[in-house]
Amino acid sequence: MLDKVLGAKLHVWMERVRNKLNLPVRLTLWNGTRHDLGSFDPPLVSLRINDIGAIGAFLDPSLDTLGEAYVRKSIDIDGKLADIIDVAYKLAEPSAQPTCTADPFHDA
């Protein structure tokens, strides 16, 4: 049940990032599923979520939460350092955060 809830929230987050930020990122989930967060070929940065517990770092991203997830090895990051830093800053920007608190499970 928790997997479905977190997966649905992650899907909403990915759509928002794709539409608002169009980042050169490929996100790979713990189950091997891949999602592009922008329309770049090839992506400049690859992010791998190694365990479901790391989803929180993306649902409410800050440089602290993203860095902590990396240090804990909950996520892996590949790419040039400048591109990785650029992506992290864009994800952590207030403009990248949700503009409302809509609940995708209870909204019509």
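Quick note: the coordinates plus some simple rules give every number you see, no bench work behind them. None of the values given here were measured: they were computed from a predicted structure. Cβ atoms come from the backbone with ideal geometry, glycine included; neighbour counts cover every protein chain shown.
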Exercise for the section: Give me the number: length gained by fully extending residue 41 to residue 18, i.e. 0.36 nm times residue separation minus the C-alpha to C-alpha distance, one decimal in nm. Expected result: 6.9 nm
Handout entry: Anchor residue 4: aspartates and glutamates whose Cα lies under 19 Å away (excluding residues fewer than 8 positions away in-chain)
Key = 15, 51, 60, 103, 107
Practice task
Straight distance only, please: which lysines reach the Cα of residue 20 with their own Cα at less than 20 Å, same-chain residues fewer than 8 apart left out?
Solution key: 9, 90
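Under a Cβ-Cβ cut-off of 11 Å, what is the net charge of the residues other than residue 11 that fall near it, where Lys and Arg count +1 and Asp and Glu count -1? Don't jump to the answer; show the numbers that get you there.
Values: positive: 4, 9, 16, 18; negative: 15.
Every neighbour counted, the sum reads +3.
Return 70, 89 ranked ascending by Cβ neighbour count within 10 Å, so the fewest neighbours appear first. If you can, show how the numbers build up before the last one.
On the way: 70 17, 89 12.
Result, fewest neighbours first: 89, 70.
Just to be sure I follow: if Rg is taken over the C-alpha atoms of region 2-96 and Rh is the Kirkwood radius over the same atoms, what is Rg/Rh?
On the Cα set of region 2-96, Rg over Rh gives 0.92.
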